[in-house]
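Written below as structure tokens is the structure these notes are about.
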Amino acid sequence: MTRIGWILTALLCLPAAVEGAIKTEKITYKSGDTEHVGYLAYDDAVTGKRPGILVVHEWWGLNDYARKRAEQLAGLGYVAFAADMYGGGKTVEHPKDAGQMAGAVRANVAEWRAKATAALNVLKSQPQCDADKLAAIGYCFGGSTAIQLALAGTDLDVVASFHGGLPMATDADAKQVKARLLICNGADDTFIPAAAIQAFRGALDKAGVKYDFENYAGAKHSFTVEGIDQKGVDGLKYNKAADEASWKKLQETLQSAFK
């Protein structure tokens, strides 16, 4: 056998490198009497504990989009848990149904925060999660939910909202915020009134809260959701540039918080 042939044979006999994979699983948990079905994602090649990120879905429920975001975060080395805010893993397709379900949760702020906290506690309990390094992110209704966790004074390093509604923040609420906030907003989002933005930012400024407000030119509601245009709902439109820019900003914010 020639030297080259010997080398090739030796290489073929070497054991294949073991590569990690994104592991996912459904986790059932409870908030009060309601049973929820969340979605956990992590990279099994990452050793030891790592920062945990709670992902909260849009008003459609815990669908493929929210699960995809959890998997993307897992690919970045985090452990991510996508919450089920409606219970039973329920999802809807029609805007009217989505509005009713999200509205029912928002109607009781204490219960709204309790549901989000229950999901966060599931994340914190995972063996892969460093419970001292936590973030919560959300989209649309989920962005409002993540902000509610911040206003409740939850121990979080980062809270990020993407095209989320901006809840009324009292002075007392704003003073409780411990997380750094990242608000990613579409400048052409007709679902988020300018008055709501002004009131929300005013409360944060008065309380001295650290936050970044990114206002993406030309972006409408749901600008991060590829394929949202197919819903045929006026005011919902994907914007590739804003999607990519906001995702990059999230990564930078997380890296800065967890360094």
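Annotations for the structure displayed:
- Accessible surface calculations at 1.4 Å, restricted to protein heavy atoms, place the range 194-243 at 54 Å² per residue.
- Using a Gaussian network model of the chain in which every pair of alpha carbons under 10 angstrom is joined by a spring, one finds that among 102, 195, 245 the greatest mean-square fluctuation is at 195.
- Here, the range 36-122 is characterised by an Rg to Rh ratio of 1.02, where Rg is the alpha-carbon radius of gyration and Rh the Kirkwood radius.
- Dipole of the chain [Lys/Arg +1, Asp/Glu -1 at C-beta], most positive-end residue of 202, 146, 256: 256
- Gyration tensor (alpha-carbon) shape descriptor, the range 107-221, a/c threshold 1.5: prolate
- Overall, the chain carries a charge dipole of about 420 debye about its Cα centre when +1 sits on the Cβ of Lys and Arg and -1 on the Cβ of Asp and Glu, all other atoms neutral.
- Computed from the C-beta positions of residue 231 and residue 47 and an R0 of 51 Å, the FRET efficiency is 0.80 to the nearest 0.05.
- Expressed as a whole percent, the accessible surface of the range 184-259 that belongs to carbon and sulfur atoms is 47, based on a 1.4 Å probe.
- Sulfur and carbon atoms: percent of accessible area, the range 38-165 [1.4 Å]: 48
- Computed on protein heavy atoms with a 1.4 Å probe, the accessible areas place 59, 112, 247 in the order 59, 247, 112, largest first.
- Share of pairwise Cα separations in the range 25-172, more than 28 Å, in percent: 11
- One quarter of the convex hull surface built on the alpha carbon atoms of the chain amounts to 17.0 nm², the projected area averaged over directions.
- Where the range 79-162 is the region considered: accessible area per residue in Å², 1.4 Å probe: 33
- Heavy-atom accessible surface of residue 86, to the nearest 10 Å², is about 30 Å², with a 1.4 Å probe and all protein chains retained.
The values are calculated or read from the model by the stated rules, or taken from the named source; none is laboratory data. Just so it is clear, the structure is predicted and the values come from calculations on it, not from any experiment. Don't worry about glycine lacking a Cβ; one is built from the backbone with ideal geometry, like all the others, and counts go over all protein chains shown. SASA here: full protein model, heavy atoms, side chains in, ligands and nucleic acids out. Shrake-Rupley method; radii C 1.70, N 1.55, O 1.52, S 1.80 Å.
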